[in-house]
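Below is one structure, written out as C-alpha cells, with a few remarks after it.
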Amino acid sequence: MSTLADKRFVLVTGKGGVGKTTVCAAEASSLAASGKRVLVAMCNAKERLSELFGSAPVGHVVTPVADRVWAVNMVPEKAIEEYGFLVLRNRALAKALFDSRYVRAFLRAVPGMHEWAMLGKAWWHTTETQADGSSKYDVVILDAPATGHGLDMLRVPTVILDVVPPGLLRRDAERAWKLLRDPSACAIVVVTLPEEMPVTETIELCRGLEQMGLAVRRVVANAVLPSLFSEVERTALEALPAFEPKTPGDAAVAAAKSRAMRERLQAEMIARLTRELPVRPVLLPLLMDEAAGPEAIAKLAGYV
C-alpha cells in the first residue's frame with residue numbers, strides 16, 4: 001500500500017457516519033509513528049478525536065493530542081477572524097473588524113465564504129514554518145465534510161478564482177487550488193462502509209472529484225467483518241428456509257444465516273469498489289472491543 005508520508009495535504013471525505021474521523025486518527029497515528037509532525041483539522045465537527053486519542057478536548061485552538069500529533073476544530077467565524085489577522089497583521093484591529101455585525105452580515109452573504117474559511121485555514125497550516133524555516137507540520141490532514149458538502153468545499157477556490165478580483169484572497173485561493181491539484185503534494189482519501197448505499201455514494205463522489213481534476217489516492221472500506229464462513233458454507237446457510245427460532249440451536253443457526261448474508265453483501269461491495277474505482281480499497285477491520293480509544297487507533301494505524 002502506498003504511503004501518504006510524502007504528502008503535505010491529505011483530505012479525508014466520504015458519506016456521513018462511515019468513520020472519517022477514525023480514519024483521520026489512524027492515518028495521523030501511522031504518520032507520526034514514521035516520524036512526521038501531523039495536524040488534524042476538523043471542520044466545525046462534533047468533536048470526538050480527543051476520545052480516540054485519549055486527550056483533552058479539541059477546540060478552535062491547535063492542541064496536542066498525541067506524540068507528534070496536533071488537532072484543531074475549525075469554526076468558520078474564528079477562522080475568518082484569524083484570516084483577517086494574517087491580512088491586517090494586527091490582532092486587535094482584526095478582532096474589532098470581524099466583531100462588527102455589519103462585517104459579519106456581509107461575510108455570511110458571500111457564497112462559500114464559510115467553506116473557504118475552513119479549507120483556507122487548513123491549507124494555510126501547510127505553509128506554516130518554525131523559527132529555523134522548516135515546516136511546522138509535515139502533513140496536514142483535513143477531516144472534510146461529508147460527500148456533497150465536501151465537494152462544495154473543494155469547489156470554492158475555483159469560485160473565488162472566477163469572481164474575485166486580483167488581491168490576497170484570490171492569490172491564496174490560487175495557491176490552495178494548485179496544491180489540491182498536485183498529486184505529488186496532496187492526496188484525497190475517501191472512506192466508506194462495505195454496504196450498498198455508502199459504496200454507491202463513494203463511487204459517485206470519486207467520479208465527481210475526477211471531473212474536478214482531483215485524483216483519489218486512497219479508498220478505505222471501514223468496519224470490515226472477518227469472514228467466518230467459506231463460500232460453500234455461506235451458500236448452504238443462505239439456502240436454509242426462513243423459520244422461527246424455538247431453541248438455542250435454532251437461534252444459532254438463524255444468526256449464522258444472517259452473518260453469511262452479511263458476509264456475501266460485504267464481499268460483493270468490496271468487489272464493486274475494486275472493479276469500478278482506479279485504486280484498490282484498503283480494508284479496516286471492524287473492532288469489537290476498545291473500538292473508540294487509543295488502543296483501537298494504534299491497531300488501525302497498522303492497516304493504513
Shape category assigned to the stretch 1-57 from the gyration tensor of Cα positions, a/c cut at 1.5: oblate
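At 222 nm, what helix-only mean residue ellipticity would the chain give, in deg cm²/dmol to the nearest 500, using -39500 (n - 2.57) for each DSSP H run of four or more?
Mean residue ellipticity, 222 nm, calculated: -16000 deg cm²/dmol.
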If amide hydrogens are placed 1.01 Å from N in the peptide plane, which non-local residues have theirs closer than 5 Å to the one on L225? L286
Using the Karplus equation 6.51 cos²θ - 1.76 cosθ + 1.60 (θ = phi - 60°), what ³J(HN,Hα) coupling, rounded to whole Hz, does each residue of the stretch 148-164 give in order, writing x for Gly and Pro? x, 5, x, 4, 4, 4, 6, 7, 4, x, 5, 5, 4, 5, 7, 10, 8
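What relative contact order, as a whole-number percentage, does the chain give when Cα pairs under 8 Å and 6 or more residues apart are counted?
This gives 24 percent for the chain.
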Relative packing of 19-25, 294-300, which averages over residues the other C-beta atoms within 10 Å, highest first: 19-25, 294-300
Degrees between helix 168-180 axis and first principal axis of the chain (Cα, 0 to 90, nearest 10): 30
Under a GNM of the chain (C-alpha, springs under 10 Å), which listed residue has the highest mean-square fluctuation: L11, L214, L169? L169
When a footprinting reagent is the concern and you count Cβ atoms within 10 Å, what order do I270, I141 take, fewest first? I270, I141
Treating cross-link reach as a plain straight distance, find the lysines whose alpha-carbon is under 25 Å from the alpha-carbon of K246, omitting any fewer than eight places away in the same chain. K257
Measure nothing fancy, just the Cα-based angle from helix 20-33's long axis to the longest principal axis of the chain, in degrees from 0 to 90, nearest 10. 80
Going by alpha carbons, how many degrees (0 to 90, nearest 10) lie between the helix axis of 248-276 and the longest principal axis of the chain? 50
Tell me which lysines have Cα within less than 30 Å of K7's Cα, excluding those fewer than 8 residues away on the same chain? K15, K20, K36, K46, K78, K121, K136, K178, K299
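No lab work stands behind these numbers, since they all come straight from the coordinates. Note that this is a predicted model, so its numbers are computed, not measured. Note: ideal-geometry Cβ built from the backbone for every residue, glycine included; neighbour counts use all protein chains shown.
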